[in-house]
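K.L.:
My structure is below; once you've seen it, I'll send some questions.
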Amino acid sequence: AKQVREVPAQAALTPAHSTSRIHTSPAAPTLFNPFVHHGRRPKSWLYRHCSSVQQRDRQAQKAGQLFSGLLAMNVVFLGSAFISSMIFNHVAITLADVWILLSILKVVCLCWIIYYLLGTSRQPHAVLYRDSHAGPVWIRGSLLLFGSFSVLLNVFQIGYSVIQIHCKSKVEIVFPSIEILFVSTQAFFLWHHSKDCIQVQHNLTRCGLMLTIATNLLLWLLAVTNDSIHMEIESQLREVEQRLAGNETNLCACPNTTTCKVFQKGYILLYPFNTEYCLICCSVLYVMWKNVGRRISHHHAPHIKPKFKLQGVVFGPLLGAAAVIIGICVFMMYQIQATGSAPNRQVFVMYYSYYIVLLPLMSVCAVVGTIIHAVEKRELDTLKNPTRSLDVILLMGAALGQIAMSYFSIVAIVATNPKDLLNSLILSYSVLLIFQYITQNIFIIDGLQREPFVAAIEARHRRVSVLELGQEFRRVSLSYMHSYSHLSWKRKALKEISFFLVLCNIILWIMPTFGAHPVFENGLEKSFYGYSTWFAIVNFGLPLGVFYRMHSVGGLLDVYVSA
């Protein structure tokens with residue numbers, strides 16, 4: 001600094017073409033930033049050291065993500081091989097073998113979760129940042145709800161196995177007991193630490209999170225295959241009961257007692273909640289995995305968080321409640337008539353007619369909401385957000401299951417007899433379902449990428465406060481108030497549309513979750529593709545469709561709040 005102050009004025013006014021003399025002169029002072037490379041001057045030690053540290057940090061982060069991802073991939077492939085072997089060769093690999101493998105994985109995950117709760121998260125400077133977008137209230141509430149039902153499901157399974165202890169193995173009691181402990185501990189862990197951006201023990205935390213994700217995926221796969229096997233057995237028994245008089249030769253049949261019937265029915269009723277719980281846990285754990293080592297700037301954190309309010313929303317709740325009530329009535333009538341030995345043709349007509357009326361209304365609302373998003377010109381949220389990226393991926397990926405099933409149905413109907421009443425209804429249902437999925441995805445994704453209206457107000461006030469002239473301040477304020485009053489009806493329309501779509505997706509989640517599967521029970525696609533092929537297609541598409549409806553509810557709630 002002393003040398004810089006002693007530089008004569010002529011040196012400061014040296015022309016640009018004479019800069020080489022300054023570099024070569026031994027007496028010339030250093031007037032350049034040490035972090036910037038000028039000409040042939042080598043980079044400073046500090047610049048090279050800081051650059052190498054940042055580069056090593058990024059390389060270590062990518063190496064840790066790669067290693068943990070490979071660990072999860074191998075665990076998923078091993079578990080999938082076990083489950084597939086159990087399905088195709090249940091003699092060599094039994095269900096008990098799969099349960100033993102999953103029990104080992106759950107015990108390892110439990111040990112890591114307990115270590116994270118008692119060790120990693122309590123270290124100094126472990127959790128300096130928390131992702132405000134991760135683990136919203138509806139996600140954590142769903143975790144508690146579905147986790148509670150999953151625990152109750154395992155209690156019913158234990159009770160059912162204890163009653164039939166004479167023909168059940170001890171593994172069928174140990175496995176649900178470990179499952180209860182795993183579900184409870186994992187729900188507590190995700191409720192309190194889903195927003196963590198952990199800054200210590202990066203590799204261990206990434207491996208633990210990925211191992212837990214792999215375990216939940218395998219539990220979901222096992223639940224789907226067991227549910228599919230249950231549907232297959234139930235469907236085959238209907239055909240057998242029409243020819244045989246129902247001779248009960250199974251030694252492991254449930255005795256004719258009220259307790260056993262309650263455990264059996266409760267287990268079947270609560271079974272879908274376990275699959276949803278596993279998928280929600282996978283999504284939350286993935287966001288935590290992306291947030292390991294992440295540093296969030298304080299000025300990026302929202303100062304005002306929008307809250308869920310029902311003020312000013314009338315038509316959306318009314319129309320949505322009407323759709324839910326009518327859907328419940330249709331679902332009950334369908335369940336009563338379809339559970340018989342020979343489902344009535346009229347019940348399928350009623351079921352598909354309800355969808356044909358509801359799906360176009362939902363599609364029109366989604367298109368109108370997308371147009372309002374385009375007209376409103378709200379600023380896009382360009383900040384890095386792993387939660388939003390995952391929501392988009394899950395919406396697009398989960399929609400593929402039901403869209404694929406719809407295209408298979410369209411091909412089967414067009415190739416056989418599209419003029420029949422029931423076939424024409426199924427054809428219309430399939431086409432409308434594809435259009436509804438596409439329009440709703442566009443509406444939700446466009447809404448998730450917009451800044452919340454409260455954040456837009458805050459940013460507008462922050463820009464206005466920079467202006468020091470009172471006249472400019474008044475002009476901007478008046479234009480802002482004019483735009484606010486002009487756009488108020490658009491925000492109300494967005495809230496009405498979002499709330500209506502939330503209720504519609506809830507009833508469309510309830511119906512297939514609790515047993516309404518007309519795509520398998522109407523017999524059209526099954527006779528066209530064959531029993532095994534169509535059963536595999538339904539096994540792939542139906543669980544994804546159920547998860548899409550539940551996940552879209554969360555996305556629509558975010559759109560509702562941000563409006």
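The values are calculated or read from the model by the stated rules, or taken from the named source; none is laboratory data. Please read these numbers as outputs of a predicted model, since none were measured by experiment. Here the Cβ positions follow ideal geometry from the backbone for every residue, glycine too, while neighbour counts run over all protein chains shown. Areas reflect the complete protein model, heavy atoms only, side chains present, ligands, DNA and RNA absent. Shrake-Rupley method; radii C 1.70, N 1.55, O 1.52, S 1.80 Å.
K.L.:
Tell me, yes or no, whether the stretch 83-100 has at least one residue that is modelled with pLDDT of 90 or more and open to solvent by 50 Å² or more (accessible area, probe 1.4 Å).
P.N.:
Scanning the stretch 83-100 turns up at least one residue that is modelled with pLDDT of 90 or more and open to solvent by 50 Å² or more (accessible area, probe 1.4 Å).
K.L.:
Could you list, in sequence order, the residues of the stretch 319-349 that are at pLDDT below 90 and open to solvent by 40 Å² or more (accessible area, probe 1.4 Å)?
P.N.:
Met332, Met333, Gln335, Ile336, Gln337, Thr339, Ser341, Ala342, Pro343, Asn344, Arg345, Gln346, listed by residue number.
K.L.:
I want to confirm something. Restricting to the stretch 414-428 and keeping residues that are free of Cβ contacts under 8 Å to residues at least 40 places away in the same chain and among the aliphatic types (A, V, I, L, M), which single residue is least open to solvent (accessible area, probe 1.4 Å)? I'd like the intermediate steps shown before the answer.
P.N.:
Going residue by residue through the stretch 414-428, those that are free of Cβ contacts under 8 Å to residues at least 40 places away in the same chain are 414, 417-420, 424, 427.
Next, only the ones that are among the aliphatic types (A, V, I, L, M) stay: 414, 427.
On the way: Val414: 89, Leu427: 43 Å².
Step by step, filter the stretch 414-428, then rank; the result is Leu427.
K.L.:
While we're looking at this one, here's another question. Given (1) modelled with pLDDT of 75 or more; (2) in contact with a Gly (Cβ under 9 Å, 6 or more places away or on another chain); (3) among the β-branched types (Val, Ile, Thr), identify the lone condition not met by Val240.
P.N.:
(1)
K.L.:
If we keep just the residues of the stretch 429-444 that are touching a residue at least 40 places away in the same chain (Cβ under 8 Å) and open to solvent by 30 Å² or more (accessible area, probe 1.4 Å), which is nearest to Leu556 (Cα to Cα)? Give the derivation first.
P.N.:
Kept after step one, since they are touching a residue at least 40 places away in the same chain (Cβ under 8 Å), are these residues of the stretch 429-444: 429, 432-433, 435-437, 439-444.
Right, trim to open to solvent by 30 Å² or more (accessible area, probe 1.4 Å) and you get 432, 435, 442.
Values: Leu432: 20, Phe435: 17, Ile442: 11 Å.
Only one residue tops the list, namely Ile442.
K.L.:
If you don't mind, there's one more thing I want to ask. All but one of (1) in contact (Cβ under 8 Å) with a residue 12 or more places away in the chain; (2) in a helix (DSSP H, G or I) hold for Val162; state the number of the condition that does not hold.
P.N.:
(1)
K.L.:
Here is a further query. Looking at (1) without any contact (Cβ under 8 Å) to a residue 40 or more places away in the chain; (2) within 27 Å of Arg295 (Cα to Cα); (3) not in a helix (DSSP H, G or I), which one does Ala92 not meet, given that it meets all the others?
P.N.:
Single failed check for Ala92: (2).
K.L.:
Does the stretch 59-66 contain any residue that is modelled with pLDDT of 85 or more and either buried (at least 16 other Cβ atoms within 10 Å of the Cβ) or under 21 Å from Val174 (Cα atoms) (or both)?
P.N.:
no
K.L.:
Continuing with this model, one more query. Within the stretch 120-138, count every residue that is open to solvent by 20 Å² or more (accessible area, probe 1.4 Å) and under 13 Å from Gln201 (Cβ atoms). Break it down into steps so the answer makes sense when it comes.
P.N.:
Filtering the stretch 120-138 for residues open to solvent by 20 Å² or more (accessible area, probe 1.4 Å) gives 121-125, 127-130, 132-133, 136-138.
From the residues that got through so far, the ones that are under 13 Å from Gln201 (Cβ atoms) too are 121-125, 127.
Residues meeting the conditions: 6.
K.L.:
Also: If you check Val375 against the conditions, is it modelled with pLDDT under 85 and either part of a helix (DSSP H, G or I) or charged (D, E, K, R) (or both)?
P.N.:
yes
K.L.:
Now for a separate question. Scan the stretch 175-192 residue by residue and report those that are open to solvent by 30 Å² or more (accessible area, probe 1.4 Å) and not aromatic (Phe, Trp, Tyr).
P.N.:
At the first step, the residues of the stretch 175-192 found to be open to solvent by 30 Å² or more (accessible area, probe 1.4 Å) are 177-178, 180-181, 184, 188, 191-192.
Across the stretch 175-192, the qualifying residues are Ser177, Ile178, Ile180, Leu181, Ser184, His192.
K.L.:
What pairs can you find where one residue is in the stretch 115-140 and over 17 Å from Trp191 (Cβ atoms) and in contact (Cβ under 8 Å) with a residue 24 or more places away in the chain, the other is in a loop (DSSP other than H, G, I, E, B) and open to solvent by 100 Å² or more (accessible area, probe 1.4 Å), and their Cβ atoms are less than 8 Å apart, with a gap of 6+ or different chains?
P.N.:
Leu128/Arg295; Tyr129/Arg295
K.L.:
Filter the stretch 197-219 down to the residues that are over 14 Å from Trp112 (Cβ atoms) and not in a helix (DSSP H, G or I), then identify the one that is farthest from the chain's Cα centre (by Cα).
P.N.:
Val200
K.L.:
With the checklist (1) open to solvent by 70 Å² or more (accessible area, probe 1.4 Å); (2) at pLDDT below 80 in hand, flag the one item His38 doesn't pass.
P.N.:
That leaves (1) as the condition not met.
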